[in-house]
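Worksheet for the structure shown next.
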Amino acid sequence: MNVAVWSRRLIVPVLWGLLILPVARAWAQEARFEALADTVPGMMAAAGVPGLALAVIEDGTVAWARGFGVRSTVTNPPVEAGTVFEAASLSKPVFAYLTLQLVDEGALDLDRPLAEYLPYADIAHDPRYRKITARMVLNHTTGFPNWRPPGDSLRLDFDPGTRFQYSGEGFVYLQKVVEHLTGMPLRVLAVRRVFEPLGMTQSSFVWEDRFGPAVAAGHREDGVAFDKFVPQVGNAAWSLHTTVQDYARFMIAVMNGEGLSTTLHRAMLSPQADAEAGMRWGLGWGLQPAGDDLAFWHWGDNVGYKSFAIAFPRSRRGLVFLSNSNNGMLLLHALLKETFGQDQPAADWLGYDRYDDPQYQIRAELYDVLLKQDVAAAIARYHELKAEAAYPPVAFEEDMLNTLGYRLLRTGRVEDAIEIFKLNVEMFPNAYNPYDSLGEAYMVQGDLRRALENYQKSVELNPENEHGARMIKRLRAALFRQP
């Protein structure tokens, strides 16, 4: 055969393949997005989520962004890809990114104690705080709690740098240091160093009036909208307002190492602290093992708003999820699986309920009955559901009722919580934790003798229950002092 003819016969199929393959890929991608768009509304209805927005990153670009549902159950405007949400703790990676830029420029040393830049009066009573560094803040090893209890002073739970404990308080301290060193507030720093360079035109650490026509209102579990809080001072830990498109641009910039030296980009996405259960923490990001990749991720949890973002640097894929409901995280596992085809360890590490989990479904039904009728009706419905056997036995394990009881306790329905905890004790008389929880509810009610009785039973069943033992000592001291 003539060599030229043979060459043409070989080249033509190869050229056709090069032309057809991208088209086939695009069709497959579009089909995946259409399937996701078809699935999301049903999931939202089942979870009671009024609105959410998604952005999917493919090949290092924003391949798809879409809004679902409504921004407010009162006025019903639709959520769009450009809808502004509170991003909650997705604020932290943005602040970490601009902080590392300052490190690159020599304005801040990751390992120099922050107290050498700016002493912190809030924790001056504990000299250990003078060991805290920017690195410890960004990898959550400061020893601070997440947030100090209202009205209490700030404390250290352990020596700085010795172990992981997620903390917003650390970011507040580092923000003060950064603002002191630069002479600029966070809202200005973020615009100059992050939002303008990355084209994040709908993002701010403070409220801006221009957000009004596009903002999503936060919602309670029952779908009632909250009044929108409008922060006037930026907070590095939680005050970011943004859209899925803007935050996806930020994720891509982090993936590409834009704005950072190679050294600090690598450090940001390298394990710096052990967060346990297979999770590590870098500088501002959670790190999840993903085959031969190491995904970076974070989540956000403000009242009325839940969010999540994850990216896989090697495959150059990612997802940004913003919702306007306290129920938002019920969708997290399912959205990740629908997008990436498998469960993600980060979602398991966070430990939120899943909308399709039988325990959650039973608990949601009981709570609804309790609100519409009373606790007696909810208890009667519990026994009916057990008798109907429509759910697997595991759905009725002790933590199902325990979680319901604490939800009631947190919302001030103390008497109802006591009745639910009493039911749990009745159903699991040999388990220590239901007694411990009932003791706590009685203590909140002010019935210290019944609280003591239940804590004593809890410790009798489990002598290693240190919390119960501490409460027994406290209650005995309180009862002894009473007339």
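A few points about this structure:
- Here segment 133-155 and segment 245-297 have alpha carbon centers that stand 21 Å from each other.
- Computed on segment 325-371, the Cα convex hull volume stands at 78 Å³ per residue.
- Relative contact order [Cα under 8 Å, 6+ residues apart], the chain, whole percent: 14 percent
- Ranking of 75, 411 by count of other Cβ atoms within 10 Å, fewest first: 75, 411
- Zero-based 5 Å bins, Cα pair distances in segment 187-270, whole percents: 3, 13, 19, 21, 19, 11, 7, 5, 2, 0
- Peptides 239-247, 184-192 ordered by average Cβ neighbours within 10 Å, highest first: 239-247, 184-192
- Peptide ranges 230-238, 299-307 listed from the most packed, as the mean C-beta count within 10 angstrom indicates: 299-307, 230-238
- With Rh defined as the Kirkwood radius, the inverse of the mean 1/r over Cα pairs, the Rg/Rh of segment 358-481 is 1.01.
- Answer label for semi-axes √(5λ) of the Cα gyration tensor in Å (calculated), chosen among (1) 43, 32, 22; (2) 32, 24, 23; (3) 37, 26, 19: (1)
- Backbone N under 16 Å from the residue 478 label point (7 Å along Cα→Cβ), restricted to segment 411-440: 414-415, 418, 436-440
- Farthest toward the positive end of the dipole of the chain, out of 251, 355, 97, is the Cα of 97, where the dipole comes from beta carbon charges about the Cα centre.
- Each peptide in 261-274, 279-292 receives the mean, over its residues, of other Cβ atoms within 10 Å, and ordering these scores from highest gives 279-292, 261-274.
- Extension gain for the segment residue 120 to residue 38, taken as residue separation times 0.36 nm less the Cα-Cα distance, is 24.4 nm to one decimal.
- Helix-only [θ]222 nm of the chain, DSSP H runs n ≥ 4, -39500 (n - 2.57) each, per residue, nearest 500: -14500 deg cm²/dmol
Throughout, read-outs are computed from the coordinates displayed, never taken from laboratory work. The structure displayed is predicted, hence computed values, not measured ones. Backbone-built Cβ (ideal geometry, glycine too); neighbour counts: all protein chains shown.
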